[in-house]
1. At 7 Å along Cα-to-Cβ for each site, give me the label-to-label distance between residue 303 and residue 5 in nm.
2. Can you list residues from other chains, or at least 5 along the same chain, whose modelled amide H is less than 5 Å from the amide H of residue 103?
3. With a sphere of radius 12 Å drawn around the Cβ of residue 103, what net charge do the other residues whose Cβ falls strictly inside it have (Lys, Arg +1; Asp, Glu -1)?
4. Helix-only estimate, please: 222 nm mean residue ellipticity of the chain, summing -39500 (n - 2.57) across DSSP H runs of length 4 or more and dividing by its residues, to the nearest 500.
5. Farthest toward the dipole's positive end in region 1-159, which of 72, 152, 118, given Cβ charges of +1 (Lys, Arg) and -1 (Asp, Glu) about the Cα centre?
6. Give the peptides 71-84, 28-41, 48-61 in descending order of average Cβ contacts within 10 Å, highest first.
7. Among 8, 163, 209, flag the residue with its Cα farthest along the positive direction of the charge dipole of region 2-300, charges on Cβ as +1 for Lys/Arg and -1 for Asp/Glu.
8. Once label points are set 7 Å from the Cα along Cα→Cβ at both residue 143 and residue 112, what is their separation, rounded to one decimal in nm?
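A short reminder: the numbers here are calculations on the coordinates, not readings from a lab. Note that the coordinates shown come from a computational prediction; the quantities given were computed from them, not determined experimentally. Neighbour counts run over all protein chains shown; Cβ positions are idealised from the backbone, glycine included.
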Amino acid sequence: IGQAEAAVDRFDLKAYMADKARRVDAALDRAVPLRYPERLHESMRYSLLSAGKRICPILALASCELVGGDEATVMPVACAVEMLHAVSLIHDDLPCMDNDDLRRGQPSNHRVFGEGTAVITGDALIALAFEHVAAATASVPADRVLRAVAEYGSAIGSEGLVAGQFVDIDSEGKAVGVGVLEYIHLHKTARLLEAAAACGVIVGGGGDAEVESVRRYARCVGQLFQVVDDILDVTKTTEELGKTAGKDVASGKTTYPKLMGLEKAQELAQTLVVKAEAELHGFDRVKAAPLRHLARYIADRQN
Ligand code: GRG
């Protein structure tokens, strides 16, 4: 027990994430070769391979390893969730949605490739994500692959990501309560993290109870991500006015600090970390270390 505890304490999340992100990027690079029509594949690669944190795929890898599965088995499922995440960002940036010129510090997809190409780049990446799960997980029993396909389908559909985006668009300019704000975050952000984590456990051969624990963990982490985002938006605004932070405050967008005050929002963040960690108690402590540290990292991040 002493040695296991020491290993958990020594765990270097930064190194772990950098290593996993590098491997995910190599797999994504292989998954989308620059074929004809080159401009379309260039557009897919532009958004997919640009410098993101790769939190969804890392969550899938860590969740698979949590139940004893290996990285090679889960990699296609991890790549697929990053493809779906990329679609959501490309479409969210479009002029008909958020109309953002920048994404990950670079011009957004439609600014480089044009609106039409940005829309169909998203379409192509959705199709590829499902093809990739179905075709590249050769060594995984078919019933697990089927469950992963269903999981991703429901995560992005009209009761998942799209639902969150719809309610978000629909509530623009309206006074929104905590219930609706929570609905938007649970669907726009947490749902894809849940699916990534659940698919990691499914592909790794975990049982239903394990899938559900990890799903609840990821849901807390997703909500936490948004609460911290809102808190940073307030705290950064006072520090560095004029930068991109504070955009939400300036735009009149509903945030947790606005609805409940900064202190209560900070309390909520703390509660969510504790809840996320509690979901990991039934697992091997060493194998659960990445997920435990990931929740802390999301709570403590400064930008
Ligand atoms: C059919 C997949 C699909 C989507 C259509 C457009 C849309 C519906 C949904 C938009 C959802 C959206 C933009 C959610 C925001 C999620 C979020 C927290 C993004 C930021 O994630 P980070 O910080 O980004 O992990 P990086 O750049 O690190 O990957």
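1. About 3.7 nm, to one decimal.
2. Result for residue 103 returns 108.
3. Values: positive: 104, 111; negative: 92, 93, 98, 100, 101.
Neighbour charge sum, excluding residue 103 itself: -3.
4. Numbers: 16 runs with 222 residues, N = 303.
When only DSSP H runs of four or more count, the value is -23500 deg cm²/dmol.
5. After comparing all options, I get 72.
6. Numbers: 71-84: 24.6, 28-41: 13.1, 48-61: 22.3.
For the peptides 71-84, 28-41, 48-61, the packing ranking is 71-84, 48-61, 28-41.
7. Value: 8.
8. Taking the simple label geometry, residue 143 and residue 112 are separated by 4.3 nm.
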